[in-house]
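Report on the structure given below.
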Amino acid sequence: MRVSPFLAIALVSLPAMLAQSPEGDRTKAPAAAEKSALRERKAVIRPTIPDADRHEPGKVFIEYADILRKPSGDDVQILIGNVQFRKGDMFMYCDSARFYEETSSLEAFRNVRMEQGDTLFVYGDELYYDGIGEIAELRAYPGNNVRLINRDVTLTTPVFFYDMPEDVGYYLAGGELDDRTNRLTSQQGYYYPATKDAFFYLDVVLTGPQKNDTLMMYTDSLTYNTDSGIAQLMCQTLITSKDGEISSTSGFYDTRNGIADLYRRSLVHMRRGNTLTGDTLFYDRDGGFGEAFGNMILTDSVRQSSISGDYGFYDELRDSSFVTGNALAMEYSGSDTLYLHGDTITAYLDPTVIEDSTKITNIFHRVRFFRNDIQGLCDSMSMVERDSILYMYYNPIIWYGDKQVVGNVVWVHMNDSTTDWARLPEQGLMSQHIAEDCYNQLSASDMTVWMADSTISRLYAEGTVQTIMFPMENDSTYNKFSFTESSYLDAYFEDNDIRRLIMWPETTGKITPLYLAKRNSYFLQKFRWYAPLRPMSPDEVFDYPAEMAELASQNILGRMSKDALTMRGQALGKPVNIPNLALPEGVTIPQAPATPSTPADSVIAPADSLTTNPDITPLSVDDTPEQEQPDDTPASTPLGDTPLLKEEEENHE
C-alpha cells in the first residue's frame, strides 16, 4: 500500500507533538529549562579516556597533547604541544612527538624530559624510544649534553641510552659522572639508579673534587658505588694523591676515607718515599699505616734499605715497621749489600731523641747475616742508625776472611759499606785458621778490633788475656806453638799478619814443639771452630743448622751481665719507651793511634799504658826459648764432645 506523503509527515511529527505540554500551543518553555536540556545532550556525547592499566608490560600511553593528528593510511600519530607519555612509572615529556601505537615506539623533540618518581630525571633535546627493545636513546644538540640526575648523582654525555627493563642508563661515546665525592670520566659507562652502582670502561679517570685534595685514579675498568664512594679495581690501576701512590690490579678503594684493600701483588708508595708491597695489602691513607700479607717488601729509598717477610706492618706517621715470617733486612747504601735474617724484625725512630731522631732496627731469634766481607749469627740483634753500631746478643759469632770472633756480646761499627771496628765488652775469643788443626787464638775479658779494607789492622785486649800462636817457619811449615798470658795486649797487623805485638805488665808463656804436644793443648779452653754454621751466600741466611739450635741452648763464654741483656727496643709494631741508647756507663771505645814511626822490629805499646808503667817487660814471641810442655800445662776442653769438631778429631787420630 502506498503511504501518502502527508501521512508520513504526520507520523514523524506525532512524537514531538505528544511530548509538548498541554499548554504548549499557548505559551513557550522557560529559558532555564532549555539550557538544562542542552547541557544533558552535551554530556551524553563528551569523549572519555579508556580506563586502561598504565603498568601493562611493554605498553606506552599518550597522557596528553594540545594537538593530536593521525594522517590517513599511516600508523603514526603526531602530537604537538605539552606532549606527555607514560610507561609504567616512567613519564616522558616533550614539545612534539611521533607515536607508533602498534609498536609503542616514539620520537620526541625539544625540551625532552624523563621522570621516574621524585628521584630520577633525564634531560635531552631528542628522544628515540624503541617499544620492542624498550630502550630509550636521548640525544643533545651540538654544544649541549644529555643529563641524568639521581639525587646527588649527575651523569652527562652527548648520547645517553636507558634500558627500562634492566633499569640501567649508559653511554658509549664518552661521559662524566659526578657525585658529592668524586668526578669520573670514561669512554663508556653504565649506571644503575636503583643500586647506585656504576661501571666505567676505557680511559677511566676518577678525580676527587674535595678542597685541598689531589686524589686521582687512572685505569681502564672500574666499578664505583655513588652511595658509598667505594671503587672496585678491575685491572691495572694507578691511584695518586698528595700522600703518595697506589698501584694495583685488584681490590677496593674507599675514596671518602682513604682506605684500600688490595690484592694480586699491589704496591703503595708513601709520602716519605717508602714503598710497601705484598700479595694482599691494607692501607689507610689518612691514618698513615699499611699492612701487607704474603711476600711483603718494605723499602726505604732514603736509607737505601728494605725489609721483607711473610707479614709486615708499617706506621708511616711514626716511621715504624714490624715484619715476621722469613723476615729479611737488606742494606744496600754502599757497594756491597748486607743480608740480615731473623724470625722477627722491627724498626722505628727512637722516641727519646727529639732533635736528632735515629732509626733503630731490632732482629729477634735465629739471626744470621751475610755480606761479602763479613758474616755472622746470634740470637738477637739491634742496629742503631745514629751511631752506626750493630749490637749482637746471645752467643754472637762473626767471620771475616779466615778469622772467627765469638763473644757474649759483640758491637760492630759500620762505616758506609765496610766494617770499621768491632768491640767484645764481655768476654771475647778471636781465632784464625792457619793450617789443618792449627788456629791462632786470642781470648780476653774485653777486646776491640779495628778493620781497614775488610782486613784487621789493630787489636786491643785487656783482662785475662790468653793467646795461642802458631808461628810459620822459614820453609812455610808449622812445628811449634806458643801459649802466653797477660793483662793487656796490643797488636798491629799488615796484610792480615801480625806485624807488632805487645803484652804487659807481666807476661808468662811457653813455646811447645808440635811433636811433644797433645792435640787438645792446641786450643784455649773455650775454643770452638764454628765454620759449619757460617752463611756462605745470601740465601744461606735462611738456613738453620741443627748445630745452631744446639748452640742457642748454651753459653759459649759464660753468662752475660744484666746490662748486656738489655735490648735496644721491643718486638712491637709501634715505638715504645726505651732507655737512652748511649753506651753503658764507663764504656769507651779506644781510638786507633796513627801508624807509629818506630822501626819495624821494635815492640810497640799503647802510649796511655806503657808510659805510666815504666817497669813492664814485654814478651816477644820470637824471643821466648823453646821448651818442652810441662805436666802442668793448662788443660783445654776436649773437642771430641763438640759436634762441630768431632769429624776433625777422628781424622786427626
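The values are calculated or read from the model by the stated rules, or taken from the named source; none is laboratory data. None of these values were measured; they are calculated from a predicted model. Positions of Cβ are generated from backbone atoms using ideal geometry, with glycine treated the same way; all protein chains shown enter the neighbour counts. Quick note on the areas: whole protein, heavy atoms, side chains included, nothing else; ligands and nucleic acids left out. Shrake-Rupley method; radii C 1.70, N 1.55, O 1.52, S 1.80 Å.
Odds and ends about this structure:
- Applying the criterion of at least 1 residues that are under 30 Å from D379 (Cα atoms) to the strands (runs of 3 or more DSSP E) found wholly in the range 470-533 leaves 480-494.
- Only one of G401, G376, G334 that is modelled with pLDDT under 90, out of contact with any Gly (no Cβ under 9 Å at 6 or more places or on another chain) and more than 26 Å from V268 (Cα to Cα): G401
- Residue within the range 331-342 that is under 13 Å from the mean Cα position of the chain (by Cα) and open to solvent by 10 Å² or more (accessible area, probe 1.4 Å) present: no
- Taking the criterion of being within 18 Å of F364 (Cβ to Cβ) and over 33 Å from the mean Cα position of the chain (by Cα), the residues of the range 379-409 that qualify are N395, I397, N408, V409.
- The one condition from (1) open to solvent by 40 Å² or more (accessible area, probe 1.4 Å); (2) under 14 Å from the mean Cα position of the chain (by Cα); (3) not aromatic (F, W, Y) that I246 does not meet is (1).
- Taking the criterion of being open to solvent by 60 Å² or more (accessible area, probe 1.4 Å), under 21 Å from K359 (Cβ atoms) and part of a loop (DSSP other than H, G, I, E, B), the residues of the range 267-325 that qualify are R271, R272, S301, V302, R303, Q304, L317, R318.
- Each residue in the range 70-84 was checked for being on the phi > 0 side of the Ramachandran plot and either assigned to a strand (DSSP E or B) or in contact (Cβ under 8 Å) with a residue 40 or more places away in the chain (or both), and 2 of them qualify.
Yes/no matrix, rows are residues, columns are (1) of a type in the set (A, V, I, L, M, F, W, C); (2) open to solvent by 30 Å² or more (accessible area, probe 1.4 Å); (3) touching a strand residue (DSSP E or B) at 6+ places or on another chain (Cβ under 6 Å):
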{"site": "T477", "(1), (2), (3)": "no, yes, no"}
{"site": "Y488", "(1), (2), (3)": "no, yes, yes"}
{"site": "E494", "(1), (2), (3)": "no, yes, no"}
{"site": "A517", "(1), (2), (3)": "yes, no, no"}
{"site": "L524", "(1), (2), (3)": "yes, no, yes"}
{"site": "D539", "(1), (2), (3)": "no, yes, no"}
{"site": "A549", "(1), (2), (3)": "yes, yes, no"}
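- Of all residue pairs spaced 6 or more apart or on separate chains, those with beta-carbon atoms under 6 Å, a first member in the range 434-454 that is touching a residue at least 60 places away in the same chain (Cβ under 8 Å) and a second member that is among the charged types (D, E, K, R) are T448/R423; W450/R458; S454/D373.
Yes/no per residue for (1) exposed (fewer than 15 other Cβ atoms within 10 Å of the Cβ); (2) under 24 Å from F200 (Cα atoms); (3) among the β-branched types (V, I, T):
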{"site": "R69", "(1), (2), (3)": "yes, no, no"}
{"site": "E107", "(1), (2), (3)": "no, no, no"}
{"site": "M114", "(1), (2), (3)": "no, yes, no"}
{"site": "T119", "(1), (2), (3)": "yes, yes, yes"}
{"site": "Y123", "(1), (2), (3)": "no, yes, no"}
{"site": "L127", "(1), (2), (3)": "no, yes, no"}
{"site": "I132", "(1), (2), (3)": "yes, no, yes"}
{"site": "Y162", "(1), (2), (3)": "no, yes, no"}
{"site": "E166", "(1), (2), (3)": "yes, yes, no"}
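- Single unsatisfied condition, S186 versus (1) modelled with pLDDT of 95 or more; (2) open to solvent by 50 Å² or more (accessible area, probe 1.4 Å); (3) small (G, A, S): (2)
- Selection count where residues are part of a loop (DSSP other than H, G, I, E, B) and either at pLDDT 95 or above or crowded, with 20+ Cβ neighbours inside 10 Å (or both), scope the range 197-227: 2
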